[in-house]
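K.L.:
What follows is a structure written as structure tokens; I'll ask about it next.
The values are calculated or read from the model by the stated rules, or taken from the named source; none is laboratory data. Given the structure is predicted, the values throughout are model-derived calculations rather than measurements. Here the Cβ positions follow ideal geometry from the backbone for every residue, glycine too, while neighbour counts run over all protein chains shown. Note: accessible area is taken over every heavy atom of the protein model, side chains too, but ligands, DNA and RNA are not part of it. Shrake-Rupley method; radii C 1.70, N 1.55, O 1.52, S 1.80 Å.
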Amino acid sequence: MDGGGGRPSARATAAAAATTKNNKQKKNGMTNAPPPRDAAVPFEHVRGGISDALRGHLEALGATPPACVAWKTLQMSDVHKNQARLLFSCKGSGGGGEQGEPPPPRSRCPLAACLTEHEARFVADDAGLLVNALDRWGRSYDLTCKYLVSNCGYRFITGWKKLVEENGLRQGMRVELWAFRSPHLPNRCGIDAAGNKVGVREEIGHPDGSLGMVVLHYYDGERDLKDEHGEAAVQEAGKAAGQVKSEAAAAEPEEKKLAGGGAETSMTTMEGMVATCGLRTFLGAVGLTMLKRRYGEEQTRKEEENEETEKHKVQCLRKNVKDDVDQVM
């Protein structure tokens, strides 16, 4: 507080404004955190890898190398089936526009920065900008990008709901948008002679063609332990694996220990997997394997029950037929 009638100081006011701004960004899933590690690596080296289907789709489109331009942690409003839109707010990013105009392409908002002047006008009108999106497996979705003056943000709608459902996106996951250009993609939605909606290409002022996006998703904070924390994490994972090995060896019957060294080989392999993939990833793989095995056992049990049921039905049918024949005789 300063001495001017109890009014807050300029420093306190600036701090309060910064806190309010950060809270609004976090509410929308955007933070001031540095970009994800994947944004600094070539597209071919992203975590989880690139499927052959996606690589082939990009090659068929004659696409430019995708570059990461935006990311966020998904909020409930991004994945709720009744809202079906992905929102990127650009408040406080140096844009805003006047009279319904979107931020200029040179705005600090990363999505605005990758738009041409033509595309910036498209996102501001009612039809919006048609953006073809590809998921990690090369499946295609036609999204419509629109700019909302009310919250200075970009909203992807239309095909977003289908992308959410087919990829199992949930609140708390992180999505990354990797932009590319292709001369074969449409950028506007038109109407054909039969009255059906079709994609059309209009001049957008870029030599490489229309804008497209690759949408990659991860669990928020998902990292390989070795990459994230270095050798210390690997050593810790090794100790944990050694403890698991010791406990398994103590519980194992002596006759199994003498059966040819199979257990020792298995545990050594496990240590290698932990050191290579990280403890968290390794335990997740173990959990998935156990679930898969349990699912297989459940399916086998159901098939056996169904087989017994069918046998019982056949036996009942034969008995009924025999009874009918006896009555006729």
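K.L.:
Filter the cross-link list Lys81/Lys146; Lys81/Lys197; Lys72/Lys197; Lys72/Lys162; Lys292/Lys313 down to pairs whose alpha-carbon distance in this structure exceeds 25 Å.
P.N.:
Beyond 25 Å: Lys72/Lys197; Lys292/Lys313.
K.L.:
Efficiency by 1/(1 + (r/R0)^6): what FRET value for Lys197 and Lys91, r their Cβ-Cβ distance, R0 = 30 Å, to the nearest 0.05?
P.N.:
Given R0 = 30 Å and the Cβ-Cβ separation, E is 0.40.
K.L.:
Sticking with this one: At 1.4 Å probe size, put Ile191, Ile204 in order of accessible surface, largest to smallest.
P.N.:
Ile191, Ile204
K.L.:
Related question: Enter the accessible area per residue of region 132-188 (Å², integer; probe 1.4 Å; all protein chains in place).
P.N.:
On a per-residue basis, region 132-188 sits at 36 Å².
K.L.:
Let me ask something additional. Obtain the nm distance between the two label points defined at Asp126 and Gln299 by a simple spin-label model: each point lies 7 Å from its Cα along the Cα-to-C-beta direction.
P.N.:
Inter-label distance under the simple model: 5.0 nm.
K.L.:
By how many nm would the segment from Glu117 to Glu165 lengthen if fully extended, with 0.36 nm per residue of separation less the alpha-carbon distance?
P.N.:
Length gained, Glu117 through Glu165: 14.0 nm.
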